[in-house]
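Here is the structure we will look at, set down as structure tokens.
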Amino acid sequence: MSYMVMGVSGSGKSTVGRLLAERLQLHFIDADDHHLATSVEKMSQGIPLTDDDRWEWLQKLNHLLQQAENTNQEVVLACSALKGQYRQILGEGLASPLKIIYLHGEEDVLRSRLGNRKGHFMTDVLLQSQLQTLEIPQEALHLNIVHTPEELVTQIMQHFKPDSASPSFTVSSVASLGIIGMGVMGKSLALNLAGKGISVAVFNRTVPGKEEQVAERFAEENQTLPLLPFSELPQFVQALEKPRRILLMVKAGRAVEELLDQIQPLLEEGDLVMDGGNSQYQDTTRRVAEMKTRQVHFLGVGISGGEEGALKGPSLMPGGEKAGYEKVADILNFLAAQDKNGKPCCTYVGPDGAGHFVKMVHNGIEYAEMQALAEAYQLFRYHLNFSPSGIVEEFTKWQESGLNSYLLEITIAILQKQEDGTLLLDKILDAADQKGTGGWSTAAALELGTSLDSIAAAVMARHLSALKEQRVQAATLYGIEPEQLVGVPLLHAQQLKQAFEGVKLINHAFGFELMRQASLQFQWNLNLSEIARIWTNGCIIRSQLMEELVEMLKTEGPLLQHPCIVERLSAIFLPFKETVAAGIKANAALPVSSAALNYFLGYNTVQSPANLIQAQRDYFGAHTFRRTDQPVDQYFHVDW
Ligand code: NBP
């Protein structure tokens, strides 16, 4: 029952193998010491070995293993053992199968380790050929070389429990993380982690005739990566290191509920399940509590960045049980994008459904930002007569003067995308879809009694956009058409930029205020500056403003009263107001810009007309009112 530590050059198999042998007080065999002289010569010259070069060497190693077994000795062998066929030769004739430990790591890490090596025949030019030859072992303990040799050896010893009666190795306990749902996001997240050397078990449901062998085909397409595919949940769960860590990447709602019902009986105390979809935060709060009663940790993990972000590094917003987060923080941090200081765009957000709440608000801000950009585009294109390339020029200037953002970047790219010589955008139906998070943010603001005007307006604008037929008919019925603003001195490109900046600041203020209120009411202790930090990269609303908000949000209180925001909004108030007014005068519907401006005007109104509302309420319903000439906590009713 000997051990074999395997992996490509630079994976550290000799170091780890030797240390393991020391700790277990076993004899150590380094396969490199047994190469034929001709092979060593070839490798020193950077010439990859062929199978023919290896047969004799592998047989020699097998002989050593057999000898050890015959004398009742356990040994630790460090050997590249790249192909299944090689491993077969090494294990031939052994009564007990080898306990295989596969060390894997990112190519860059392997390369830099080889670069630092002195006096070894294996040069980094051979690494590429080794990686091409490598057939990842299924029946092995997969360990990532980000850990120190000491940590790796501890993990090996914990895993194989040398004293157990049946230490022989099965396919169980090989993957660091399991992902359920091989849709757009699930696949990209799996590729992200597996590409970094983390072994991932992947599962997709089977729908006969429609969805079959989805995970298997995905792993097949990416066979150089440590992906272990499954179509059966029990095997999938069995393939995970304990405590198990499972990420659900399925449609929110019923699918999550059904899957939780199916996997719960397969889990053990201390295991962890994460929901990375856009679930409603109230559902997550309920699930965290329910799973806790079964001693299983549950996290609601907001994930932003779309397909590309998931693949290259998303922004992650985990919330739920802190103890659960600690079990998976290493993987989440490894998965996430990095901020400008190299810190992961991932932080423990708070308890209950806090992670999904924060993701919901992220999407609310995203809705408003998208609509605000669409309104600016509309004014440029249909009221100021700018061509798409002219708008690109203006938006590029915005990027270069403080308004850079991912959404602005993609808008510029969209305005340049041609199909058959014409702008693709002009062929896209102007009816916007939505999946719910904008509406949920609005509902949350209503429940928490806080304002969210421009975000709510963005949601409603999408509803209205979907009424394409009615809009076409109405335009005929009422005869209202876009009017040109060319030559109107009050509206030019610079003012439009300032108006957009005003809307942007107010949109963000709404979003962060909603989170501040939720934090107070649910006692979540949200760190708004930290939330802004994890939104500076990887996510859809990353922007230069977000970088600035990280600092501003270190001060408590509403964002609209922060000195920097006061200064900026004061400086642009006039062009902001004039742009919205001129746009509406020219028949442009500007739901988000006008909602932001309206709120801002209301926010600055010392004497509002709400006294009249209170009088009306008391008049018809005896709802009482407070008086300005009496203590503020006393209520009065008048017989009107
Ligand atoms: P997809 O539609 O691409 O994939 C959905 C996955 O859910 C598929 O694997 C599907 O399996 C699986 N699924 C469904 Br649908 N019903 C199921 C059920 N009853 N049991 C088991 N599996 C089921 O979605 P996606 O874009 O990958 O999004 C996944 C989650 O992540 C969603 O909650 C989404 O809101 C969220 N999200 C998406 C993005 C994004 O940019 N796309 C960003 C951030 C968060 P099947 O293949 O067999 O139908």
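The values are calculated or read from the model by the stated rules, or taken from the named source; none is laboratory data. Since the structure is predicted, the reported quantities are computational estimates derived from the model, not experimental observations. Every residue, glycine as well, gets a Cβ built from its backbone with ideal geometry; the counts of neighbours run over all protein chains shown. Side chains included, ligands, DNA and RNA excluded: accessible areas come from the protein's heavy atoms. Shrake-Rupley method; radii C 1.70, N 1.55, O 1.52, S 1.80 Å.
Peptides 447-459, 501-513 ranked from most to least packed give 501-513, 447-459, packing being the mean of other C-beta atoms within 10 angstrom over each peptide's residues. Charge tally around residue 289: other residues with Cβ under 13 Å, Lys/Arg +1 each, Asp/Glu -1 each, net 0. Overall, the anisotropy analysis places the chain in the prolate class: the square-rooted eigenvalues a ≥ b ≥ c of its C-alpha gyration tensor yield a/c not less than 1.5, with a/b exceeding b/c.
Peptides 63-75, 248-260, 195-207 ranked from most to least packed, by the mean per-residue count of other Cβ atoms within 10 Å: 195-207, 248-260, 63-75.
The residues neighbouring residue 194, those whose beta-carbon lies less than 14 Å from its own, together hold a net charge of -1 under the Lys/Arg +1, Asp/Glu -1 convention.
A straight line joining the Cα centroids of the stretch 217-267 and the stretch 435-508 runs 41 Å. Inter-part distance, the stretch 393-420 to the stretch 306-330, computed on C-alpha centroids, equals 29 Å. Highest mean packing first, where packing is the average number of other Cβ atoms within 10 Å per residue, the peptides 33-42, 412-421, 139-148 line up as 139-148, 33-42, 412-421. With a Förster radius of 51 Å applied to the beta-carbon distance between residue 474 and residue 257, the computed FRET efficiency rounds to 0.80. With R₀ fixed at 45 Å, the C-beta to C-beta distance from residue 623 to residue 464 puts the FRET efficiency at about 0.85.
For a paramagnetic label modelled on residue 146 (point 7 Å from Cα along Cα→Cβ), amide N atoms under 12 Å away are absent within the stretch 297-311. Which of 196/312; 340/417; 251/468; 497/577; 417/504 have a Cα-Cα distance over 21 Å? Distance filter (> 21 Å) returns 340/417; 251/468; 417/504. Taking θ as phi - 60° and the Karplus parameters 6.51, -1.76 and 1.60, the scalar couplings of the stretch 320-327 work out to x, 6, 4, 4, x, 4, 4, 6 Hz in sequence order, x denoting glycine and proline. Output the antiparallel fraction of DSSP beta bridges having both residues in the chain, as a percent to the nearest 5. That works out to approximately 25 percent antiparallel.
The heavy atoms of residue 524 present about 10 square angstrom of accessible area, all protein chains included, probe 1.4 Å. Only helices enter this figure: runs of n ≥ 4 DSSP H residues, each worth -39500 (n - 2.57), summed and divided by the residues of the chain, yield -16000 deg cm²/dmol at 222 nm to the nearest 500. Note the full-extension length gain between residue 614 and residue 41 as 0.36 nm times their separation in residues minus their Cα-Cα distance, in nm to one decimal. That pair, residue 614 and residue 41, stretches by 197.0 nm at full extension. The relative contact order of the chain, computed from alpha carbon pairs under 8 Å that lie at least 6 residues apart in sequence, is 9 percent.
Per-residue Karplus couplings for the stretch 235-240, computed as 6.51 cos²θ - 1.76 cosθ + 1.60 with θ equal to phi - 60°, are listed in order as 5, 4, 5, 5, 7, 9 Hz, Gly and Pro entered as x. Each other residue within a Cβ distance under 13 Å of residue 591 adds +1 if Lys or Arg and -1 if Asp or Glu, for a net charge of -1. Under a model in which nothing but the beta-carbon of Lys, Arg (+1) and Asp, Glu (-1) is charged, the stretch 388-427 shows a dipole of about 60 debye around its Cα centre.
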